[in-house]
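Have a look at the structure below, then the notes.
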């Protein structure tokens, strides 16, 4: 099981750099399609891992790691996270820990430009934070 997880993450992470800025054409054989397939595999693996950890009793935790912190946040009644956001953040953490800063920043700019609502929320948050300083 662990080997399968490592292979899924490894395959997706080696495809990501070349496909990150590829033309978003989701046709089998294209770099973008392969990257999205790899992302889907990693997201399924992360979802299984999150479910396994969430279903395990808190007393069974051997160590506290980032997954456990995410689960604790998801279980809070006033949490700003939902499961989809948490999985996206876990994926981003895997990606960011593997890729260089320049590629990561380029991807962030690309994704924010494709999602105006997220860009607006980020802008408001940063503006409010700046006003408090």
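Observations on the model:
- Label zone at residue 131 (point 7 Å along Cα-to-Cβ), backbone N below 15 Å, the stretch 106-125: 121-125
- Modelled this way, with points 7 Å down the Cα-to-C-beta line, the labels at residue 73 and residue 114 are 2.3 nm from one another.
- Sorted peptide list for 67-78, 116-127, 30-41, criterion being average Cβ within 10 angstrom, highest first: 30-41, 67-78, 116-127
All of the numbers you see were taken from the coordinates with simple rules; none came from a lab. Note that the structure is a prediction, hence the values are computed from the model and not measured. Heads up, the Cβs are rebuilt from the backbone with ideal geometry, glycines too, and the neighbour counts pull from every protein chain shown.
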